[in-house]
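Notes follow the structure.
The values are calculated or read from the model by the stated rules, or taken from the named source; none is laboratory data. All values derive from a computational prediction rather than experimental measurement. Glycine also receives a Cβ, built like all others from the backbone with ideal geometry; neighbour counts cover every protein chain displayed. Surface accessibility is based on the protein's heavy atoms, side chains included, excluding ligands, DNA and RNA. Shrake-Rupley method; radii C 1.70, N 1.55, O 1.52, S 1.80 Å.
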Number of protein chains: 10
Amino acid sequence: MSTKPSKTLETFPNPNPERDYTIHMEIPEFTCLCPKTGQPDFATFLIEYVPDELCVELKALKLYMWSFREEGAFHEAVTNRILGDLVAATQPRFMRLTGKFNVRGGIYTTVVAEHRKPGWQPPLKVELP
Amino acid sequence: MSTKPSKTLETFPNPNPERDYTIHMEIPEFTCLCPKTGQPDFATFLIEYVPDELCVELKALKLYMWSFREEGAFHEAVTNRILGDLVAATQPRFMRLTGKFNVRGGIYTTVVAEHRKPGWQPPLKVELP
Amino acid sequence: MSTKPSKTLETFPNPNPERDYTIHMEIPEFTCLCPKTGQPDFATFLIEYVPDELCVELKALKLYMWSFREEGAFHEAVTNRILGDLVAATQPRFMRLTGKFNVRGGIYTTVVAEHRKPGWQPPLKVELP
Amino acid sequence: MSTKPSKTLETFPNPNPERDYTIHMEIPEFTCLCPKTGQPDFATFLIEYVPDELCVELKALKLYMWSFREEGAFHEAVTNRILGDLVAATQPRFMRLTGKFNVRGGIYTTVVAEHRKPGWQPPLKVELP
Amino acid sequence: MSTKPSKTLETFPNPNPERDYTIHMEIPEFTCLCPKTGQPDFATFLIEYVPDELCVELKALKLYMWSFREEGAFHEAVTNRILGDLVAATQPRFMRLTGKFNVRGGIYTTVVAEHRKPGWQPPLKVELP
Amino acid sequence: MSTKPSKTLETFPNPNPERDYTIHMEIPEFTCLCPKTGQPDFATFLIEYVPDELCVELKALKLYMWSFREEGAFHEAVTNRILGDLVAATQPRFMRLTGKFNVRGGIYTTVVAEHRKPGWQPPLKVELP
Amino acid sequence: MSTKPSKTLETFPNPNPERDYTIHMEIPEFTCLCPKTGQPDFATFLIEYVPDELCVELKALKLYMWSFREEGAFHEAVTNRILGDLVAATQPRFMRLTGKFNVRGGIYTTVVAEHRKPGWQPPLKVELP
Amino acid sequence: MSTKPSKTLETFPNPNPERDYTIHMEIPEFTCLCPKTGQPDFATFLIEYVPDELCVELKALKLYMWSFREEGAFHEAVTNRILGDLVAATQPRFMRLTGKFNVRGGIYTTVVAEHRKPGWQPPLKVELP
Amino acid sequence: MSTKPSKTLETFPNPNPERDYTIHMEIPEFTCLCPKTGQPDFATFLIEYVPDELCVELKALKLYMWSFREEGAFHEAVTNRILGDLVAATQPRFMRLTGKFNVRGGIYTTVVAEHRKPGWQPPLKVELP
Amino acid sequence: MSTKPSKTLETFPNPNPERDYTIHMEIPEFTCLCPKTGQPDFATFLIEYVPDELCVELKALKLYMWSFREEGAFHEAVTNRILGDLVAATQPRFMRLTGKFNVRGGIYTTVVAEHRKPGWQPPLKVELP
Ligand SMILES: [Ca+2]
Ligand SMILES: [Ca+2]
Ligand SMILES: [Ca+2]
Ligand SMILES: [Ca+2]
Ligand SMILES: [Ca+2]
Ligand SMILES: [Ca+2]
Ligand SMILES: [Ca+2]
Ligand SMILES: [Ca+2]
Ligand SMILES: [Ca+2]
Ligand SMILES: [Ca+2]
Ligand SMILES: [Ca+2]
Ligand SMILES: [Ca+2]
Ligand SMILES: [Ca+2]
Ligand SMILES: [Ca+2]
Ligand SMILES: [Ca+2]
Ligand SMILES: [Ca+2]
């Protein structure tokens, strides 16, 4: 695998597709450019998903995130776009993407978007005491 | 855009209106005046909303918050009023506004108000383990 | 308004009775006397309520809390009593009172009591991701 | 009241049996002996309960916890046993007991057990924003 | 009992099978090898389960976790595999396994998998205020 | 010993006067009255001292702190006064008293005063890495 | 005393001038205007001083801090200016002023300035273990 | 080695006596009895020492701490006594012992005592930025 | 002033050169490229300095930090280089630069370098209790 | 460079030998075996050093730490040994090594050792307020 920024999101087969389980991935090193000012923006992204047939490959995910380094991107749009790319690549049963952006103008912005596969129902929630 | 305090809340089109997603904005730099004593009050505001057609513009939001600097405002009323202004400007599917006011008389006050668009139902809540 | 301890809980009209919203008040400076030993007890109280027609006035609340300074009071009874007084004064749609008492005999005690107005239903809970 | 370890759990009448409310008690000073090795074990216990007619007396609870100091006790069994004793003494509407044991063999163990009075239903849960 | 790494998971009879209760076990000292690079990986595992007839023995659990020290293991697969082994050994009413892996490539990965015994329903969830 | 507030500070003989060692005592439950407004003030006090022939008795210290409950006291003066009383009672080699007062008028005040016995030199400070 | 912003810093006589002791005051509610943009700036100030003949009065200090609300002020200059005003008013043996300014342009700035009375030497520093 | 409480403190030869270095040991599981009331006391002990020819053996230290479980002990005296026993057993170049006792009567007590070998000087303190 | 990355560090005259005082600046948004792999590195920088005749301008500092975004830079060298540039631009009495780099290969690296103007002595350090 | 465990500590030339500066490296993923029981031990190591002509290479350091995975090692001896190896490889002006070992037998052990090059004096310590 190359080590250049890339919009390609490689995957590998889910080793346990018989079960609904959750994968969390926290990526504290996202940076893009503000489309208005051209100045750098910084964010931490959090992916939480229930894989179906495919899981996203960790190193490819890193290169994908890197690919925004030179691009202009609004907070709301880029969070929805990354969710769209991840869903297209992995077709998960469920995925939630959270983008926590660094303070700008004294205001902290976080954007959270979700995708649920049509027809998929989450398993019974068991809350242990 | 000017950089003066203003009650005008500029907006921009929601880039992903096809999806219910959440925008959080934390504004730690709110100050107004106590209507009883005339002395400054301070608060941190937190906006959480599901946009419909419009999103609130970050810089305009900052100028809006600034516009209370010389105004007298009770904790409960000003929180409800700001929620009303934000709802009028953005017509969101859902919005929650939290105002955490600094201690006065040894007592800490926080006010939380919500608006839900008539007929809008929140999407299925998926709680991942 | 006087500045003496008082069991009177002054109120003011809820500025937004058309909406169910929440007021949190944290009061870290409560002290009374232990009815068994006569020694001082200390607690932090937390009020959370949905006002109906009336809100409790902050300074009056402070004087009310002060009024227990010379009184003997058991943890469970005094928490229920204060809830009763606050409910009688403000007739809220809902109120929860939490009393966190300082350690005694190596044990930390917290008491939580609630009042719900007959017939009042909480609004649809919207849990944003 | 004596100040010796005792399995007797004294109670007092619940001052507000007309209401479902919660009492939390945190007891950080529990020690017993490991039945396998005879060496001391340490734990913090947390009681949360909705009293019915009786509340557990704080000092008696302390002496009761002390009574395990010389006894061998497995984590799972002793947590269930203490819950049983507390339920027998106070006949609560609901009680949850949590035992957080200190690390042994590099592993941290916590045991949580609950008792619900037959027929008792918890009151409507009101989650304030 | 030997003190060598072992895939055998010894158990002991649940002392209180008449009740649904929860056992939490936190194991901060897991290490295996990355199947791609051969380099060590590190994780903290958290087990939460409602035992049926059997509980997992603490020392055997430690030796079991140790048994992965020389093995190659992917994050997703090893979490599901350990859950499978624990379920096979203890046949619990419910079990959740969480594996929090140390940062790799600037990304933090956590995997959470659950098993619910067919037909078992969790007891009424009582959420105390 | 009585259990009434008292300005008497009972002592006991230092069991190890041959050595300079330190006793820290933290007292989070101090309350007095503001001499200007008559309203309650609250503080946490911290005593750190090197005893000479006498140590202050813990229960007497508690009763002494209680004795300020009905008295008017300015922050600076009461901290210096308590230090003076403790020094008079125990004649320590060194004593530092810190009074951390709760917020008033949006300002947090802490007062720290020290007493060193004439001629006493602190032992060589050993700072371990 | 009036309750209007004022550059006058009222004082009161140090009740214990015979001793070098320390007064800490933390003021989290400072706001002024940026001289370049006219927009509000926010800071927390911390005063630490050894009083000589005079102490600064708490309420006057609050009004003094308020007096910057409508003024333009650079971070470095305003911190030095406030130190100068406090020194002029109280003539302390020693004073340190710390201004912690809210993030601007993604950068957090803190300014710390000190004044030592000519000829004053700090007392022997006793560091207790 | 037996696994019974014992006042014997076994040692092993310092593997690097040519160098002044520091060993920290934190023991959170100390309990003894209050000589006045007979009730259990609890503390966390911290040992910091520069070994000379001997180091204290970890398991023996645990059994030594256990040996106080049935003994009456005042805070000040027991801290000095344990330091004395450790010094007698290991003859260290320097040792500091800190006993942090659980809250009693609303007051938290910590005792810190040190021993320095006659003639031993700590090495040059290097404080890196 | 332009808003493009720039190695030029603009300054402004120190408003209070008559006094040694400290300016702290924390810059959490530094990113450069690893010279070995070409992949992005991330760091937080902290500047602490005593200005002489000149202070570094905040916005210019931001643009300067931005200028490393496309450059390859080793941790140790880039920290020393930035210190050199800042010293060349401002000729401070003293400056300390700390670069805290994100984890790489499971290892966290922080580099700290200082510059002291020849002949400058820090003022008497006053440590208040 | 290979990616196998290795006792070889590769170095690179210090890019700024003209200055005394500090490099901190935190390595949370150390594991070896207990020489008594053969069971795994875990620790976090912290290196702080002032390089002279050579710096330790990050990836080589990782492989070096990995090389202890199959070796028996006592806490005190292995910390001193690693310091010795690092000093032999880099000949630093000063180095401090801290090994924080996971709890064993309820006791937490940390070992700290230092090396100072003969004749090297640390630069003047400047403590900024
Ligand atoms: Ca945020
Ligand atoms: Ca605030
Ligand atoms: Ca609050
Ligand atoms: Ca409290
Ligand atoms: Ca509690
Ligand atoms: Ca636990
Ligand atoms: Ca870990
Ligand atoms: Ca994680
Ligand atoms: Ca306080
Ligand atoms: Ca303070
Ligand atoms: Ca800062
Ligand atoms: Ca303890
Ligand atoms: Ca303490
Ligand atoms: Ca960072
Ligand atoms: Ca670090
Ligand atoms: Ca430790």
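List of remarks:
- Selected residue (criterion: nearest to ligand 9 (Cβ to nearest atom)) from residues of region F:91-129 that are at pLDDT below 95 and in contact with a Ser or Thr (Cβ under 7 Å, 6 or more places away or on another chain): F:Leu128
- Residue in region C:66-79 that is away from ligand 12 (no atom under 16 Å from the Cβ), among the acidic types (Asp, Glu), open to solvent by 30 Å² or more (accessible area, probe 1.4 Å) and within 15 Å of the chain's Cα centre (by Cα) present: no
- Strands (runs of 3 or more DSSP E) completely within region G:3-56 that count 3 or more residues being of a type in the set (Asp, Glu), open to solvent by less than 60 Å² (accessible area, probe 1.4 Å) and closer than 16 Å to G:Ile82 by Cβ: none
- The residue that is farthest from ligand 16 (Cβ to nearest atom), among those in region D:99-129 that are within 16 Å of the chain's Cα centre (by Cα) and open to solvent by less than 20 Å² (accessible area, probe 1.4 Å), is D:Ala113.
- All positions within region C:90-129 that are touching a residue at least 12 places away in the same chain (Cβ under 8 Å) and polar (S, T, N, Q): C:Thr90, C:Gln91, C:Thr98, C:Asn102, C:Thr109, C:Thr110
- Residues satisfying the stated conditions in region H:70-129, i.e. outside any helix (DSSP H, G or I), in contact with a strand residue (DSSP E or B) (Cβ under 7 Å, 6 or more places away or on another chain), more than 8 Å from every other protein chain (Cβ to nearest Cβ) and of a type in the set (Gly, Ala, Ser): H:Gly72, H:Ala73, H:Gly99
- Some residue of region I:38-50 being within 16 Å of ligand 11 (Cβ to nearest atom), within 29 Å of H:Glu127 (Cα to Cα) and among the polar types (S, T, N, Q): yes
- Of the residues making up region F:1-46, those that are of a type in the set (A, V, I, L, M) and either within 16 Å of ligand 15 (Cβ to nearest atom) or within 13 Å of chain H (Cβ to nearest Cβ) (or both) are F:Met1, F:Ile23, F:Met25, F:Ile27, F:Leu46.
- Single match in F:Arg116, F:Arg104 (criterion: away from ligand 12 (no atom under 16 Å from the Cβ), out of contact with any helix residue (DSSP H, G or I) (no Cβ under 7 Å at 6 or more places or on another chain) and of a type in the set (Lys, Arg)): F:Arg116
- Hits in region A:23-42 - residues which are over 18 Å from E:Arg104 (Cα atoms) and in contact with a strand residue (DSSP E or B) (Cβ under 8 Å, 6 or more places away or on another chain): A:Thr31, A:Cys32, A:Leu33, A:Cys34, A:Pro35, A:Gly38, A:Gln39, A:Pro40, A:Asp41, A:Phe42
- Taking (1) touching a strand residue (DSSP E or B) at 6+ places or on another chain (Cβ under 9 Å); (2) more than 20 Å from I:Pro118 (Cβ to Cβ) in turn, I:Ser6 satisfies each apart from (1).
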